[in-house]
1. Quick test for you: out of 114, 49, pick the one residue that is at pLDDT 95 or above and exposed (fewer than 15 other Cβ atoms within 10 Å of the Cβ).
2. Would you say residue 57 is under 16 Å from residue 78 (Cβ atoms) and assigned to a helix (DSSP H, G or I)?
3. Given the structure, is residue 122 touching a residue at least 12 places away in the same chain (Cβ under 8 Å), closer than 30 Å to residue 2 by Cβ, within 11 Å of the chain's Cα centre (by Cα) and assigned to a helix (DSSP H, G or I)?
4. Looking only at the range 12-45, how many residues end up being surrounded by 13 or more Cβ atoms within 10 Å (Cβ to Cβ) and farther than 19 Å from residue 85 by Cβ?
5. Quick check on my filter: what residues within the range 7-26 are assigned to a helix (DSSP H, G or I), touching a helix residue (DSSP H, G or I) at 6+ places or on another chain (Cβ under 7 Å) and either at pLDDT below 95 or under 14 Å from residue 118 (Cα atoms) (or both)?
6. When the residues of the range 96-111 are filtered to those that are in contact (Cβ under 8 Å) with a residue 40 or more places away in the chain and part of a helix (DSSP H, G or I), which remaining residue is surrounded by the fewest Cβ atoms within 10 Å (Cβ to Cβ)?
7. Every residue in the range 72-87 that is more than 19 Å from residue 31 (Cα to Cα), without any contact (Cβ under 8 Å) to a residue 60 or more places away in the chain and assigned to a helix (DSSP H, G or I), please.
8. Exactly one condition in (1) over 20 Å from residue 15 (Cα atoms); (2) out of contact with any helix residue (DSSP H, G or I) (no Cβ under 8 Å at 6 or more places or on another chain) is false for residue 116; which is it?
């Protein structure tokens, strides 16, 4: 898995592979707490299901990225997937804003990382076409 990724042509701004683990560990902690709160409030009837929908889709697309990128080794599908992660995250933050701004603020680091990771992934896809 790492040998294949290491062999790809990457943009100069791509972080070293060892950065991903610690960054995602912190981000997943934020995701578990904030997304969990959204789902709990939805189950309790405090938030509409349509507010929780983009959070749910975001988790699905997020979890699909690694099997697509490293299992299938498909940069194009990984690029489409990460665009879906970014899109559903923006949708989620817009949807939660009127209900719980703290949830939106807490996910700004996730948004910034995904935006950055999207540019890296798109560049990798183009450079290795």
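1. Details: 114 fails: exposed (fewer than 15 other Cβ atoms within 10 Å of the Cβ).
Residue meeting the stated conditions: 49.
2. no
3. no
4. 3
5. Within the range 7-26, the first condition is being assigned to a helix (DSSP H, G or I), and the residues that meet it are 7, 17-26.
Those left that are additionally touching a helix residue (DSSP H, G or I) at 6+ places or on another chain (Cβ under 7 Å): 17, 23.
Within the range 7-26, just 17 meets the criteria.
6. 109
7. So in the range 72-87, the residues more than 19 Å from residue 31 (Cα to Cα) come out as 72-80.
Now restrict to residues that are without any contact (Cβ under 8 Å) to a residue 60 or more places away in the chain: 72, 74, 76-80.
Within the range 72-87, 76, 77, 78, 79, 80 meet the criteria.
8. Tallying (1) over 20 Å from residue 15 (Cα atoms); (2) out of contact with any helix residue (DSSP H, G or I) (no Cβ under 8 Å at 6 or more places or on another chain), residue 116 fails exactly one: (1).
The values are calculated or read from the model by the stated rules, or taken from the named source; none is laboratory data. Keep in mind that this is a model prediction, so the values were computed, not measured. Ideal geometry is used to build each Cβ from the backbone, glycine not excepted, and the neighbour counts take in all protein chains shown.
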